[in-house]
Amino acid sequence: MDKKKRPEDRVGEQQVTYDIYAAMPDDGLRYEVLDGSLELMLPGPNTPHQILSFNLQSTLASSCKAEYLILSAPLDVILSPTNVVQPDLIFIGLQRVEIVTKRGIEGPPDLVVEILSPGSRHRDRVRKQRIYERHGVPEYWILDPVAQTVEQHLLSGERYELTCVYEGEDTVTSDRLPCVSFTVAGLFDDPTLQRLLSSN
């Protein structure tokens, strides 16, 4: 094997497991393992993405921290040996906190949130959504900075159902997570964020 190959080139020739992924040298880049394939997460999150991530985590923490552990990327969620993902936000009930280990989160969180970026739309809406539902993540939100919406997908049997698309002054709630209650507009009520989203 050519030692000069990049990590993603070397592992591209075989199915990647968590052990292979964890043994890779730190090159300063972020990767996920999706169905045994190593995926480079480029480009990195942009500024609106990071502002929204902070706003959402702060909003949820203010009402849910007594019942849930709320964590943000980069952090490995190990759903199986060949599926290691890094959702933007991770929600874990304190009664299930044993899935939090030194390696990361080992098992399905109660809620995962992905904030769409220009380069992540297909990965978040198709590939990762299928992985989340297959591994029994009960609730999946997709936050779209361009449309300024929150899509709520609930697991019904083995498949997700899009139960609601929240926007504007709509209040986001969850029957499965009773502490959740916030408006979409509140997440976007930030002058810097609005300036960035309105610029070309």
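What are the residues in the range 83-100 that are surrounded by 19 or more Cβ atoms within 10 Å (Cβ to Cβ), among the hydrophobic types (A, V, I, L, M, F, W, C) and farther than 23 Å from residue 59 by Cβ, if any?
Within the range 83-100, 84 is the sole residue that qualifies.
Which of the following residues is touching an Asp or Glu at 6+ places or on another chain (Cβ under 7 Å), open to solvent by less than 30 Å² (accessible area, probe 1.4 Å) and not hydrophobic (A, V, I, L, M, F, W, C): 53, 72, 80?
Exactly one of 53, 72, 80 is touching an Asp or Glu at 6+ places or on another chain (Cβ under 7 Å), open to solvent by less than 30 Å² (accessible area, probe 1.4 Å) and not hydrophobic (A, V, I, L, M, F, W, C), namely 53.
Considering only the range 101-116, how many residues are within 21 Å of residue 54 (Cα to Cα) and open to solvent by less than 20 Å² (accessible area, probe 1.4 Å)?
Kept after step one, since they are within 21 Å of residue 54 (Cα to Cα), are these residues of the range 101-116: 104-105, 109-116.
Next, only the ones that are open to solvent by less than 20 Å² (accessible area, probe 1.4 Å) stay: 104-105, 109, 111-116.
Of the residues in that region, 9 qualify.
Looking at 58, 62, 72, 117, can you tell me which residue is under 18 Å from the mean Cα position of the chain (by Cα), under 25 Å from residue 180 (Cα atoms) and free of Cβ contacts under 8 Å to residues at least 12 places away in the same chain?
So the residue among 58, 62, 72, 117 that is under 18 Å from the mean Cα position of the chain (by Cα), under 25 Å from residue 180 (Cα atoms) and free of Cβ contacts under 8 Å to residues at least 12 places away in the same chain is 58.
Kindly indicate whether any position in the range 109-125 is more than 30 Å from residue 199 (Cα to Cα) and either in a loop (DSSP other than H, G, I, E, B) or of a type in the set (Val, Ile, Thr) (or both).
The answer is yes; a qualifying residue exists.
Tell me, yes or no, whether the range 117-135 has at least one residue that is open to solvent by 40 Å² or more (accessible area, probe 1.4 Å) and touching an Asp or Glu at 6+ places or on another chain (Cβ under 6 Å).
Looking through the range 117-135, none of the residues is open to solvent by 40 Å² or more (accessible area, probe 1.4 Å) and touching an Asp or Glu at 6+ places or on another chain (Cβ under 6 Å).
Looking at the range 137-149, can you tell me whether even one residue there is modelled with pLDDT of 95 or more and closer than 24 Å to residue 22 by Cβ?
Yes: the range 137-149 contains one or more residues that are modelled with pLDDT of 95 or more and closer than 24 Å to residue 22 by Cβ.
The values are calculated or read from the model by the stated rules, or taken from the named source; none is laboratory data. Fair warning: this is a prediction, and the values are worked out from it, not measured in the lab. All Cβ positions, even for glycine, are placed from backbone atoms using ideal geometry, and neighbour counts span all protein chains on display. Ligands, DNA and RNA are stripped out before the accessible areas are found, and what is left, the full protein with its side chains, is counted by its heavy atoms. Shrake-Rupley method; radii C 1.70, N 1.55, O 1.52, S 1.80 Å.
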